[in-house]
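What follows is a short report on a single structure.
The values are calculated or read from the model by the stated rules, or taken from the named source; none is laboratory data. Please read these numbers as outputs of a predicted model, since none were measured by experiment. Cβ placement follows ideal geometry from the backbone for every residue including glycine, while neighbour counts extend to all protein chains displayed. Note: areas computed on protein heavy atoms with side chains; ligands, DNA, RNA excluded. Shrake-Rupley method; radii C 1.70, N 1.55, O 1.52, S 1.80 Å.
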Amino acid sequence: MAVVQDVHGHHDHHPSGIMRWVTTTNHKDIGTMYLWFSFAMFLTGGFLAMGIRAELFMPGIQILEPELFNSFTTLHGLIMVFGAIMPAFVGLANWQVPMMIGAPDMAFARMNNWSFWLLPVAGSLLISSFFVPGGAAAGGWTFYPPLSAQGGLGVDMMIFAIHILGASSIMGAINIITTILNMRAPGMTLMKMPMFVWTWLITAYLLVLVMPVLAGTVTMLLTDRHFGTSFFNAAGGGDPVLFQHVFWFFGHPEVYIMILPAFGIVSEIIPTFSRKPLFGYSSMVYATASIAILSCVVWAHHMFTVGMPAVGQLFFMYATMLIAVPTGVKVFNWTATMWRGSMTFETPMLFSIGFIFLFVIGGFSGVVCAIVPIDIQVQDTYYVIAHFHYVLVSGALFAIFAGVYYWLPKWCGRMYDEKLAKMHFWLSMIFFNVAFFVQHFLGLAGMPRRIPDYSLQFADFNMISSIGAFGFGLSQLLFLYIVIKCIRGGEKAADKPWDGGTTLEWTLPSPAPYHSFETPPVIK
Amino acid sequence: MSSKSVMTLVGSVALAFYSSMAFSSKYNFQEPQSVIAQDIYDQHIWALWICLAIFVGVFGVMFYSIVKHRKSVGYKAANFHHSTTVEVIWTTIPLLILVAMAYPATKTVIAMKDTSASDITIKATGYQWMWGYDYLQGEGEGISFYSKLSTPPAQVTNKEPKGENYLLEVDNNLVVPVGKKIRVITTANDVLHAWWVPAFGVKQDAIPGFIRDLWFTADKPGLYRGQCAELCGKDHGFMPIVVEVLEQEKYAQWVADKQKASAAVVTTAAVGN
């Protein structure tokens, strides 16, 4: 008994130096590693984006030969989706979910360590594939066969990386589901959970549902490439379109995997800085759930040009348009939360408002893309590029920034530099729109995506877009500076630095103790 | 408001409208050249107006709130947090708007899929990286040729100034008559490609081992340019599509010339033997 108590007394002790990070089972340490990893990947993917935009700055081939250009777009997509955005949300979940539900740590602490340490392996596979014979995969982040059957070793490395990333995501998701369902503080019923926890619970279910499908798809591709099967090869009785169906059965829920936690973050921040409870909490929960369910029956809207029968096109068009309804409900609820609040506009709030504003534009172009006849024109053009960067950059990424600024005082015990952070917001906001708004016009006027060179009528908009992209990329270095500055010093943060905060993490000291709640709080 | 200022206003609006027309193909779809493309164009404009109205409504309210309901002007927060009535209203209205958008779209989808009773059928085959065309049925039956990018590589590598139709020009145009229903069957030889001509509102993936089809009827003669729209490898950006629409007589002449030329090839081959 004495031994047990002794261990208990030394709870906060952990190895120091590198071994602390390698062996840690602590949700905060792992959350921190997730976030730094995702930022490193964000810079890597960003570097590739800068290469793409530099090549597209002017007509003609200047910097990247076409094949390398294709590798850049492919790896930019894969790294940003699987390396930057998804791990960032898992990192936020690791830090926040236990604190917000009144738990000491995640449910499966060792698995948590494992699911993180898989990521650097997958990340290095992706990056090092640039240096193998034949270069990195160049078939687009969607790696449609038969093109993806043509590549070299780089494609196999990509397939292996996706397997590893998938395994990591599934473990992370199981961990989050178990934590949320079993470790809530007494009295915290499901319908009392913070929205961020709710959205992550639903997201985690989506992950468990679709990541195995992706694993299956890439395995089939792998066996087609090396073991003589013909799942996607018409000459052997297979069907290239089958790949697209299976891929997008994963791929569309994946889109919501990257946006639902963003909805959750924004649903925490808007009420805090409006000093008013979230409007329509239960309808927010139902809207999130309906988006998740609908997201599983809309996959073929990515494939309106493969030549489906009219009935198929119409079904997927109607189902896709339906998603606008729960998404609209969310936007209206956020607006109603702000309405007659007592608002202040610190950086988390600015990023959240920026999120709503630009996400709605992305939502509009989403509805436009859902309408089959219009999609026939804009599919695989820059219009689609503009659309999904509006929902993934000014959507998911802006929400991640909002969340980081919101919780940074809790994590570090210090306030970030508000002035610089606001500058980061405005620079991001302006340059983002310079980079991506004009791409709508490029797409409408007929510029296909994934081309290294373009005809002359697209020249001026491409130049504007590139300038915006360079500015956006540079602005993110400011973010790095702000975060490092906050970690190293600065004004001490109060336990509850935002006076409107109502969730449990604000009842803990700042910085939060190594083990969040050793005794569960009681929720009335 | 004085009549002079009204005139100025009307004048400047008209000027703005006119200049936007002049630039329209830069900011909008290319000028539609078929019934379907026109439908798409109109539905897109209709969708934009709806989006704009919603945008102004939602953000009007939000920005009013941002200006008025802020702590710095001493506004005290209210405490309401739900209302079933408004929830029902803002679920129902978007549904109705969506129906209004889906109805015309449905009609167009059905029209786009009706490839029956075509006058001419042409097979378009995607290759890495060019198109092959075979006239399968109708006037011109039997004609067959490849169509490759004709922009000189020196222009791509910036050694020569770029021409007007840089990357949008081919050695052999796909030639069709005006006002006839053209059915294009797509397939591919190696990887996925997509046959896309924006002016006709047609885009269809070309899938190796499978055939798909599309149709269009060109409104007037001219040259219409499009590109491959599905990533197909290194030279995906360098396999354009050019459709040359001719008057009926000129088309008949073109067919005759083509057939004579191929007959000559056959004869030469026969003589050679």
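Which percent of the accessible heavy-atom area of the protein assembly as shown goes to carbon and sulfur, probe 1.4 angstrom?
Carbon with sulfur: 69 percent of the solvent-accessible area.
Please give the residues from the range A:364-385 for which the solvent-accessible area of heavy atoms, probe 1.4 Å, is smaller by at least 40 Å² with all protein chains in place than with the chain isolated.
By number: A:364, A:368, A:371, A:373, A:374, A:376, A:377, A:380.
Do any residues of the range A:48-83 show a loss of at least 10 square angstrom of accessible area between the isolated chain and the full protein assembly, using a 1.4 Å probe, and if so which?
At a threshold of 10 Å² (probe 1.4 Å), the residues of the range A:48-83 that become less exposed are A:59, A:60, A:61, A:62, A:66, A:67, A:70.
Can you pull out the buried accessible area for chains B and A, both sides counted, probe 1.4 Å, rounded to the nearest 100 Å²?
Between B and A, the summed buried area is about 7600 Å².
Per-residue HN-Hα couplings for the range A:13-23, Karplus 6.51 cos²θ - 1.76 cosθ + 1.60 at θ = phi - 60°, whole Hz, x for Gly and Pro?
Residue by residue, the range A:13-23 yields 6, 8, x, 9, x, 5, 5, 4, 7, 6, 9 Hz.
Hey, what angle do you get for helix A:398-412 against the long axis of chain A, alpha-carbon based, 0 to 90 degrees rounded to 10?
Once rounded, the angle reads 30 degrees.
A 29 angstrom limit on the alpha carbon distance is what I want to check against. Which of A:192/A:422; A:28/B:68; B:26/B:234 exceed it?
A:192/A:422; A:28/B:68
Roughly how large, in nm² to one decimal, is the mean projection of the convex hull of the alpha-carbon atoms in chain B?
26.3
List the longest stretch of chain A that has no exposed loop site; here a site is one of the GluC sites (Glu not before Pro) assigned by DSSP to anything other than H, G, I, E or B, with at most 15 other Cβ within 10 Å.
Maximal segment without exposed cleavage sites: A:1-490.
So what's the projected area for the range A:29-250, the Cα convex hull averaged over all directions, in nm²?
If you wrap the Cα atoms of the range A:29-250 in a convex hull and average its projections, you get 13.7 nm².
Among bridges DSSP assigns within the range B:120-263, what percent are antiparallel (round to 5)?
So the antiparallel bridges in the range B:120-263 amount to around 70 percent.
Given +1 on the Cβ of Lys and Arg, -1 on the Cβ of Asp and Glu, and no further charges, what dipole in debye does the protein assembly as shown carry about its Cα centre, rounded to the nearest 20?
2220
When Lys and Arg each count +1 and Asp and Glu each count -1, what net charge do the other residues less than 15 Å away from residue A:287, Cβ to Cβ, add up to?
Every neighbour counted, the sum reads 0.
Considering only Cα-Cα distances, which of the following residue pairs are longer than 30 Å: B:148/B:203; B:113/B:162; B:159/B:250; A:330/B:71; A:330/B:76?
B:113/B:162; B:159/B:250
If N is the number of residues in the range A:259-507, what value comes out of its Cα radius of gyration divided by 2.2 N^0.38 Å?
1.11
Rolling a 1.4 angstrom probe over the protein heavy atoms, how many square angstrom per residue are accessible across the range A:29-250?
Accessible surface, normalised per residue, equals 31 Å².
In Å and on Cα atoms, what radius of gyration and Dmax does the range B:131-273 show?
16.3, 47
Can you tell me the 0 to 90 degree angle between the C-alpha axis of helix A:418-445 and the longest principal axis of chain A, rounded to 10?
Result, in degrees: 20.
Can you tell me the Rg and Dmax of the protein assembly as shown, counting just the alpha carbons, in angstroms?
In Å, with Rg to one decimal and Dmax whole: 28.3, 107.
Which residue, A:373, A:426, A:442, has the largest displacement toward the positive end of the dipole of the range A:259-507 when charges sit on each Cβ (Lys, Arg +1; Asp, Glu -1)?
Farthest towards the positive pole: A:426.
When only alpha-carbon atoms count, how far does the range A:315-447 stretch along each of its three principal axes, as whole angstroms with the largest first?
Answer, in whole Å and largest first: 52, 30, 25 Å.
Under 5 Å between amide H atoms, partner at least 5 residues away or on a different chain: which partners does residue B:175 have, H built in plane at 1.01 Å?
B:244
Could you work out how much longer the chain between residue A:192 and residue A:515 gets when fully extended? Use 0.36 nm per residue separation minus the Cα distance between them, nm to one decimal.
114.0 nm
Could you give me the ³J(HN,Hα) list for the range B:43-50, computed from phi with Karplus coefficients 6.51, -1.76, 1.60 and θ = phi - 60°, whole Hz, x at Gly and Pro?
Going residue by residue, I get 5, 5, 4, 4, 4, 5, 4, 4 Hz, with x marking Gly and Pro.
Name the residue from A:163, A:49, A:145 whose Cα lies farthest towards the positive end of the charge dipole of the range A:29-250, charges +1 on Cβ of Lys and Arg and -1 on Cβ of Asp and Glu.
A:163
For the range A:29-250, what's the relative contact order in percent, using C-alpha pairs closer than 8 Å and at least 6 residues apart?
In percent, rounded to a whole number, it is 20.
Can you give me the long-range amide H partners of residue B:202? Hydrogens built in the peptide plane at 1.01 Å from N, cutoff under 5 Å, separation of 5 or more residues or another chain.
Answer set, sorted by chain and number: B:197.
Lys/Arg Cβ at +1, Asp/Glu Cβ at -1, dipole of the range B:62-217 taken about the Cα centre: which of B:199, B:117, B:182 is farthest positive-ward?
Final value for the positive-end residue is B:199.
Going by amide H atoms built from the backbone, whose H comes under 5 Å of the H on residue B:191, apart from near neighbours?
Close amide H contacts, sequence-distant or interchain: B:128.
Where q = 0.17, 0.20 Å⁻¹, what log10 of I(q)/I(0) comes from the Debye formula for the range A:183-310, counting one point per Cα?
Values returned for q = 0.17, 0.20 Å⁻¹ are -0.90, -1.09.
Give me D for the range B:149-224 in µm² s⁻¹, whole number, from Stokes-Einstein with Rh from the Kirkwood sum over alpha-carbon pairs, 25 °C and 0.890 mPa s.
Answer from the Stokes-Einstein relation: 170 µm²/s.
Rounded to the nearest whole Å², what accessible area per residue is found for the range A:259-507 with the 1.4 Å probe?
27
From the phi angles alone, apply the Karplus equation (6.51, -1.76, 1.60; θ = phi - 60°) to the range A:141-154 and give each ³J(HN,Hα) in whole Hz, x where the residue is Gly or Pro.
Running phi through 6.51 cos²θ - 1.76 cosθ + 1.60 with θ = phi - 60° gives 5, 8, 5, 5, x, x, 4, 6, 7, 7, x, x, 4, x Hz.
Divide by every residue of the protein assembly as shown the summed helix terms, -39500 (n - 2.57) for each DSSP H run of at least 4, and state the resulting mean residue ellipticity at 222 nm, rounded to the nearest 500 deg cm²/dmol.
-19500 deg cm²/dmol
Run the numbers for residue A:492 and residue A:219: contour at 0.36 nm per residue of separation, minus the present Cα-Cα distance, in nm.
Full extension from residue A:492 to residue A:219 adds 93.2 nm.
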